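Encoded as structure tokens, the structure appears first; notes follow it.
Every number here is computed from the coordinates shown, using simple stated rules; none is lab data. Quick caveat, the model's predicted, so the values are computed rather than measured. Note: ideal-geometry Cβ built from the backbone for every residue, glycine included; neighbour counts use all protein chains shown.
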Amino acid sequence: MTAPTTAAPAAPAFTAPTHRQILTILGGLMMGMFLAALDQTIVATAIRTIGDELNGLSLQAWVTTAYLITSTISTPLYGKLSDIHGRKPYYLAAIGLFLIGSLLAGTATSMYQLAVFRAIQGLGGGGLMSLAITILGDLLSPRERAKYQGYILAVFGTSSVLGPIIGGFFAGADSVLGITGWRWIFLVNVPLGIVGMIVIAKVLHLPPLQRVRHRIDWQGATTLVMALVPLLVIAEQGREWGWGSGRAWALYVTGAVGIVLFLLAERHAKHEALLPLHLFANRTFGVGALVNLVIGMGMFGALAMLPLYLQIAKGMTPTGAGLALLPLTLGIMIGSVVAGQAIARTGRYKVFPVTGTALLVIGAAVLSRLLADSSLLQVSWRSAIFGLGLGFCFQPLVLAVQNAVKPQDMGVATSSSLFFRQMGGTIGTAVFLSILFSTVGGKISTAFASAAGTAGFQAAVADPEVQADPANAPVLDMLAGTGSALSLDDSSFIEKLDPRLAAPILEGFTAGVDLVLVVAAIVLVVGFLLAFLLPELPLRTTSGIQQQIDDHDEAVASAAAAAGAPAAPLSPELVDGQAPSPLTAADTDGQGPREGAR
């Protein structure tokens, strides 16, 4: 007797969102992304004020390191867990953790407390950016997604301009609404985050999909922490401790052992891995990871130099430096819009990472020709070239990776792309700042030696008014051999110097910055060459969700054909705990659900 067959598991119907719905969802996602992007610039502007207020200026690096460690480590975790359980709950959780950390950071009474609370912020910050980009991948096909990437890049551009302005305002205010000014740097996140949570909770409705049971790769997560924490700590503290010190070597060894154990854990976990190693067999993912790593090194290294150049060599305030980098921001936004519209029309994306990395090389090279007395116009057009290159690279690289992997791996693939870029940025910033501060002393000495033979400098040294001004004592004592070498740990003394005495310091510092930018250009040449290896695959015309539904229907049909029986629902457990509504004969044409069927 033939056993009765059960109905096939029909995947839930999916209606592609309208342009208006996409913009509404995008608005909620952008609020979360804005929080993460703004945090990187607003805190950096005010950290010196915060350190003075909490009597722990020497501990300020740990405030940055704590956030960096937790955000970097949690980024791939969010990607993997959202692939298993769904995006929406983890995105809301990321915003919630970020807000809790922000609220606590606004109440900190010591730098140690602030570092702990910033670590909590980082746990949320690791998901804000990666999950927002992944959710767009779920909702839109790669070709459609390209049209909306300009909105995403607008977040980075706006935050890079507003961050120093807002940070400078709050850091300079004694109190706002009865609360110490700098505390609002963290508290301002709370209302923005709440609005973002409300919008996402209300408008983001991803269809329920069949859930496959997975086990969490706790071994991979633990060994990743063991690998990254020592390396991130030494990246931030190495210049102060000494790159060859005993503490440094202990962290190198611990990190290396952690990397080996992580690779072994991921190999053992196979498809359940936090960072599945099989993804590196995908040429687009592998090349994309390398390009993101190299671009992150060169990009963040160069970007770390420009504010220092503007504030020290040009004597600008943090707010003024942020505004002076507006051409860089405009370059990013223009490049993003041009790339997005062109990809949407043509379906071709490889030209943009190749062209973008070439522009980054050119931009870094021309920026390395800046002098201490270069005009802001010269800074502007050079930084605009660099920004245009960034705009051509940012989203097309993520788009290429998302297009090349299975929809089931989109979360981990997207977060991994951002993870490698962030790791490259961490390494680049640490290495380039180390190069700058290890060479700038010699550059300044050379500049003083060159200036010593000029009549103007000799007149300044001999000027009684210059000698009587105590602000000039550090330079005069150094020249006389009775004082210590100049230290740039606190560069505020330069502003008080006689301009003739300050000129060699500004020239020497600019020479150090130029050297770093030359190294950045060389690093970016490697990225340019790697970009040529990036495969160009046809862009999918279906969204990540629709592709999963199509794959599901195809698998069900194949299984039913093999069994010689009609397909039947298996009552799958669903990501959001809801079963799909039954489909009637009127809803189907024998080829699965029609668009819009419920």
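What pairs in Lys88/Lys202; Lys88/Lys406; Lys80/Lys270 have C-alpha atoms more than 18 Å from each other?
Pairs exceeding the cut-off: Lys88/Lys406.
Packing-wise, with mean Cβ within 10 Å as the measure, how do 111-123, 457-469 rank, highest first?
Ranked by mean Cβ neighbours within 10 Å, highest first: 111-123, 457-469.
Can you tell me the length gained on complete extension of the stretch Ser434 to Gln341, counting 0.36 nm per residue apart and subtracting the Cα distance?
Full-extension gain reported as 29.5 nm.
So how far apart, in nm, are the two label points at Thr158 and Ser445 if each is 7 Å from Cα heading toward Cβ?
Distance between label points: 4.9 nm.
Would you please calculate the Kirkwood hydrodynamic radius of the stretch 162-282 over all C-alpha pairs and express it in Å, rounded to one decimal?
19.1
Tell me which lysines have Cα within less than 19 Å of Lys443's Cα, excluding those fewer than 8 residues away on the same chain?
Lys314
How big is the shadow of the Cα convex hull of the stretch 356-439, averaged over all directions, in nm²?
6.6
Take the Cα radius of gyration of the stretch 235-281 and divide it by 2.2 N^0.38 Å, with N its residue count; two decimals is plenty.
Normalised by 2.2 N^0.38 Å, the Cα Rg of the stretch 235-281 equals 1.56.
So between Asp469 and Met226, what do we pick up on full extension, going 0.36 nm a residue minus the alpha carbon distance?
Value of the extension gain: 82.2 nm.
Could you tell me the center-to-center distance, by alpha carbons, between the stretch 230-275 and the stretch 408-479 in angstrom?
29
So for each of 309-320, 238-249, 504-515, 440-451 I average, over its residues, the number of other beta carbons within 10 Å; can you give me the resulting order with the highest mean first?
With the highest mean Cβ count within 10 Å placed first, the list reads 504-515, 309-320, 440-451, 238-249.
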